[in-house]
Each structure stands twice: as structure tokens, then as C-alpha cells.
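Engineer: Have a look at this one before I ask anything.
What follows draws every value from the coordinates through simple rules; no lab data is involved. What you see is a predicted model, and the numbers here were worked out from it, not measured in a lab. Every residue, glycine among them, receives a Cβ derived from its backbone with ideal geometry; neighbour counts consider all protein chains shown.
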Amino acid sequence: MPLRNLETWMWAEACDILDRADRLHRQFFRPAVMNAKQPTWEPPVDVYETGYDFKITIALPGVAPEHLSVILESDHLIIEGQRHLPNTAEAHIRRLEIPYGRFERRIELPARRFEIGTREFVNGCLIISLRKI
């Protein structure tokens, strides 16, 4: 392959990777119309299943534990809360990429009974264990 074609191919691949990363970012942090009752973003989650429980990790850096709630419905786990803007009264905002405001994440669960086990914050992540009953 000539050098020029290799450079063009590499540039196209790099642009494609950046485009995919941008789409993933928008998927995880979906902004919505600002409304006090509507969530404005969804935090990303990881879900792992063992023989006796589900482990759910929700990325929530900068969210205080007292600003969120965890609700177990029949077939969903709902994590909702608020990430507040830092005090910027005397600051000129140059860039805001971290989502702020009300958030909600609904995680569909398999058809069976669960109960909330442990809840802990580790390195900006809420880790929830759902015990299978």
C-alpha cells in the first residue's frame, strides 16, 4: 500500500473512532429539556450477575449520597438524584462537560424476586448488591 493511502486510511480510522466515542458519550449522558420533574441525564452502569446476587455499579462522581435514592420496583431498579453545580457565583464558566441537574437511571431486572443488600460508595461509584430471593 502506498504511503499516501496508508495515511488516508489511518486518518479515516481515527475519525471513525472519535465519532464512535462521541456517540457513546451522548448515549450515556443524554441531555433533556431542563424541567424540575424530568431527569436531565442518565449515569452509566455496569451489571454483573453471580449465582446469588446482582452487582450494579453506577458512576456518580460528585454526587453526595444524601442527594440520591434507590427504589426497587417489581422489575426495575431505579436510581435517581441530583448533581448540583459547584458554587460558581464569582467564576466565569469556560466549559461544562460534566452533566448536572436531576438524573434517573432505570435498570430492567429479570423476572424474579430481589431485595436490596449492600449499598456503598467507592471511588465515585455507587455499588448496589441485589440479593436473589
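Engineer: So, in nm, how far is label Met10 from label His84 when the simple model puts each one 7 Å beyond its Cα toward the Cβ?
Structural biologist: It is 4.9 nm.
Engineer: Another one. For the chain, what does the relative contact order come out to in percent, with C-alpha contacts under 8 Å and a separation of six or more?
Structural biologist: Averaging sequence separation for qualifying contacts and normalising by length gives 24 percent for the chain.
Engineer: Further question: Given the chain reduced to its alpha-carbon atoms as identical point scatterers, what log10 I(q)/I(0) does the Debye formula return at q = 0.11, 0.14, 0.19, 0.21 Å⁻¹?
Structural biologist: The computed values of log10 I(q)/I(0) come out as -0.55, -0.76, -1.11, -1.26.
Engineer: Which listed residue (Leu126, Pro99, Leu109) has the Cα farthest towards the positive end of the charge dipole for the range 87-129, taking +1 on Lys and Arg C-beta and -1 on Asp and Glu C-beta about the Cα centre?
Structural biologist: Looking along the dipole axis, the top candidate is Leu109.
Engineer: Using each residue's phi in the range 95-101, evaluate 6.51 cos²θ - 1.76 cosθ + 1.60 at θ = phi - 60° and report the 3J(HN,Hα) Karplus result to the nearest Hz, with x for Gly and Pro.
Structural biologist: 6, 10, 10, 7, x, 10, x
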